[in-house]
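Single-structure report; data block below.
No value in this document is a laboratory result; all are computed from the given coordinates. Quick caveat, the model's predicted, so the values are computed rather than measured. Note that we place each Cβ from the backbone using ideal geometry, even for glycine, and neighbour counts take in every protein chain shown.
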Amino acid sequence: MKLSYLAIPVWGAAMTCIKISVALSLFRIPVNRLWNVFLYSATAVQVAYFIGNTVFAFLACRPLAGIWDASVTDAYCLGSKASLIASYVGSAVNITTDLLLSLAPMVMLWNLHRPLRERILVCCLMGMGLLASVACIVKAIIVRQWGRTDIDVWAQAMSIATWTMTEQLVAVMAACSPSLKGPLERVLRRCGILIVHYNSQLSFVPEQWLERRARHGHGMERDSLPDLECQHPAQVPRGVDVEKIDSSSSVSSPAQ
């Protein structure tokens, strides 16, 4: 019980880092000033929740050991009602940020003048954050039943912990999913399915990085993408112009 309770602020820090990572990736899409304000706001809300949740976790009981140690009889605790309210607030913040950081880029990218297959692929990758929202909703429903006498408390606690970790792991996958665009395009290309037929302008790598490579004589054009993989002409399907093949289309991280 002690380790489970002390894992709460660790989980909060992990979720905050995941959301900040997603926001930093979305900053690399040049849209407008309102887009940047939206990302800054989502990040600020998540950081504020993390700070508040951490403070609440360490002030919920004085002394803190009274939460998990039944032998401490003189502890002053805020009670289960305050814990439920804190859990509801946390679920609301996480669900809202998951939805916003998933749906907003999907709507923006869908309106781009891009091939339909590419838009579907990118939206599916960006939409993985919605699965984290589903896990958070299920967890909130279970938490709402906390304290009922007809439900085993230990089994209920394990269910909450399971869905909490599921939400975190799915969020990690969602944060990493944009880097799968390039590999998935290459796999589909080998299967004979071409996503795009020209160089994409959609990149999660900063423009300064591309310009610096061009200045140092790497022969990389400004509108190229950061995958840096040149497809050999022998791998191009017959009847397709090599120059029109998007051989380096990738929404990837700088580490790719």
Mind giving me the nanometre distance, one decimal, between the label points for TRP110 and TYR76, set 7 Å out from Cα along Cα→Cβ? 5.3
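Take the Cβ-Cβ distance between VAL31 and SER4 as r, set R0 to 35 Å, and report the resulting FRET efficiency rounded to the nearest 0.05.
E between VAL31 and SER4, to the nearest 0.05, is 0.25.
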Can you work out the FRET efficiency for the pair ALA14 and LEU84, with r the C-beta to C-beta distance and R0 = 22 Å, to the nearest 0.05? 0.50
Whole-Hz ³J(HN,Hα) for each residue in region 76-81, computed from phi via Karplus 6.51 cos²θ - 1.76 cosθ + 1.60 with θ = phi - 60°, x for glycine and proline: what do you get? 9, 10, 6, x, 6, 5
To the nearest 20 debye, what is the magnitude of the charge dipole of region 112-195 about its Cα centre, counting +1 on the Cβ of each Lys and Arg and -1 on the Cβ of each Asp and Glu? 520
Heads up, region 1-106 by the C-alpha gyration tensor (a ≥ b ≥ c square roots of eigenvalues; a/c under 1.5 rounded, else a/b over b/c prolate, else oblate) looks prolate
In whole Hz, the Karplus estimates of ³J(HN,Hα) for region 9-22 (6.51, -1.76, 1.60; θ = phi - 60°; x where Gly or Pro) are x, 5, 4, x, 5, 5, 5, 5, 5, 5, 5, 5, 4, 5
Rg over Rh of region 2-178, using C-alpha atoms and the Kirkwood radius, what does it come to? 1.05
With +1 on each Lys and Arg Cβ and -1 on each Asp and Glu Cβ, how big is the dipole of region 50-158 about its Cα centre, in debye rounded to the nearest 20? 420
Unit charges at the beta carbon, dipole of region 97-153: most positive-side option, LEU131, THR149, LEU103: LEU103
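Between SER21 and ILE142, what is the FRET efficiency for a Förster distance of 30 Å, r being their Cβ-Cβ separation, to the nearest 0.05? The partial results should precede the final answer.
Working: r = 27 Å, r/R0 = 0.91.
Given R0 = 30 Å and the Cβ-Cβ separation, E is 0.65.
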